[in-house]
Every structure is written in structure tokens, then in C-alpha cells.
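The values are calculated or read from the model by the stated rules, or taken from the named source; none is laboratory data. Quantities reported herein were computed from a predicted structural model and do not represent experimental measurements. Glycine also receives a Cβ, built like all others from the backbone with ideal geometry; neighbour counts cover every protein chain displayed. Surface areas here come from the heavy atoms of the whole protein model, side chains and all, with no ligands, DNA or RNA. Shrake-Rupley method; radii C 1.70, N 1.55, O 1.52, S 1.80 Å.
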Amino acid sequence: MKPSLNELGKLAKDTHIETKKYFDKLKKKTPKKLDYVMQDIHDAEFKRTDCLDCANCCKTTGPLFTSADIERISKYLKQKPQQFIEQYLRMDEEQDYVLQTVPCNFLDADNSCFIYDVRPKACREFPHTDRKKFQQITDLTLKNIPICPAAYNIVEEMKKKLPL
Ligand code: SF4
Ligand code: SF4
């Protein structure tokens, strides 16, 4: 069962140390079948997940925007890339373009995305739990678990299916 957004913060906090230890072991002793198992768990979770009931990623974090994202989205909005940057983005400490404010400007009241067809790559791929070589993005996953109920469930399922 998926935790509600109210429960998620506490659950993520309660499991943080255990999950971190699990990920440390995963990096040292990566199972050969990791990518296949993660793909199955990810697909099963997103079959029963309706992101339109949630949108917590769009409300609380927002994506990085690559140059290709900026080109594509500004074209869709009939803006010049520089205009788009000035209106919506700022550069973070790591010199990546991110949203000036959250919730994301492109999130509608019904949790749909105004720019869904051209949305940033990071939005399409979030929470990245089907990424190949998942062991390389465990730090990012630890940050995403308190935001995304699906990521929380996927990691809990992963611990059961791939005990280390
Ligand atoms: S936080 Fe996770 S479950 Fe919620 S909308 Fe984003 S990807 Fe979907
Ligand atoms: S661009 Fe769309 S999918 Fe991405 S954070 Fe904004 S509303 Fe969500």
C-alpha cells in the first residue's frame, strides 16, 4: 500500500538509516540482476500509481533544465530561450538551471502539466528508479524517497526482493 503524503515524511525518516546501510552494501556488492529486478519493481509500482493524485515532485522540488529542455520548451511556448530563462529559471550552486519557485509554474490546479509533451527530461524520468546501474544513483534516491511515495515503495520492495 502506498503511504499518504502525510505519512511519507515520518516513514522516510524512520527507514533512512536502514536504507542508507542497504544502499552502502548495494554499492559494494551489486547483484548481477539488479537492473532487471528494478525495472520490474518500478513498472509494477507505476501501474498502480496515478501521479495526478500526487504531483508532490512538481509541488516541492521541480527538475533541472538542460539546454535541450530549455530549447524545446521555449520553442513550444513561443519564447526565446533567454526570455524563458529570465522568466522561470535560476542557476543553482551546481550551475544547473532550476525553477525560480515551487510549485512549478507549469503545474495546473488538477495536477496536470501545461507542458507535458515537452516537459524536462528530469520530469519524464523522475524518480529514476528504473535507471540502469541504479547503484550509482542511491544518494539521489535517498533524497527522493521523502518526496515520492512511489520511490519509497519501490525501495522497500527492493529490500525484500534483493536482500543483501
Ligand atoms: S512524487 Fe512520485 S508518485 Fe508523486 S507525482 Fe511525483 S513521481 Fe508520481
Ligand atoms: S514541468 Fe511539468 S512535470 Fe515538470 S515539475 Fe513542472 S509541472 Fe511537473
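Here are some notes:
- Checked against the criterion of being open to solvent by 60 Å² or more (accessible area, probe 1.4 Å), part of a loop (DSSP other than H, G, I, E, B) and over 17 Å from Phe126 (Cβ atoms), region 1-11 contains one or more residues that satisfy it.
- A Cβ distance below 7 Å, combined with a sequence gap of six or more or placement on separate chains, defines the contacts here; from region 75-98, residues that are under 13 Å from Phe65 (Cβ atoms) and of a type in the set (D, E, K, R) reach residues that are modelled with pLDDT of 95 or more and open to solvent by less than 100 Å² (accessible area, probe 1.4 Å) in the pairs Arg90/Val98; Arg90/Gln100; Asp92/Val98; Asp96/Leu64.
Table: residues versus (1) in a loop (DSSP other than H, G, I, E, B); (2) more than 13 Å from ligand 1 (Cβ to nearest atom); (3) of a type outside the set (Gly, Ala, Ser).
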residue: Asn111; (1), (2), (3): yes, no, yes
residue: Ala122; (1), (2), (3): no, no, no
residue: His128; (1), (2), (3): yes, no, yes
residue: Lys132; (1), (2), (3): yes, yes, yes
residue: Gln135; (1), (2), (3): no, yes, yes
residue: Thr138; (1), (2), (3): no, yes, yes
residue: Lys143; (1), (2), (3): no, no, yes
residue: Ile147; (1), (2), (3): yes, no, yes
residue: Ala150; (1), (2), (3): no, no, no
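- Where a residue in region 100-120 is in contact (Cβ under 8 Å) with a residue 24 or more places away in the chain and its partner, wherever it lies, is within 13 Å of ligand 1 (Cβ to nearest atom) and open to solvent by less than 40 Å² (accessible area, probe 1.4 Å), with Cβ under 7 Å and at least six apart: Val102/Gly62; Cys104/Gly62; Leu107/Ala55; Asn111/Ala55; Cys113/Leu107; Pro120/Pro63
- Asp139 fulfils the conditions (1) in contact with a Pro (Cβ under 8 Å, 6 or more places away or on another chain); (2) open to solvent by 80 Å² or more (accessible area, probe 1.4 Å); (3) not hydrophobic (A, V, I, L, M, F, W, C) except for a single criterion, (1).
- Among residues of region 44-68 that are within 22 Å of Asp108 (Cβ to Cβ) and part of a helix (DSSP H, G or I), those with a beta-carbon under 7 Å from a residue that is open to solvent by 30 Å² or more (accessible area, probe 1.4 Å) and away from ligand 2 (no atom under 14 Å from the Cβ) at least six positions away or on a different chain give the pairs Asn56/Leu5.
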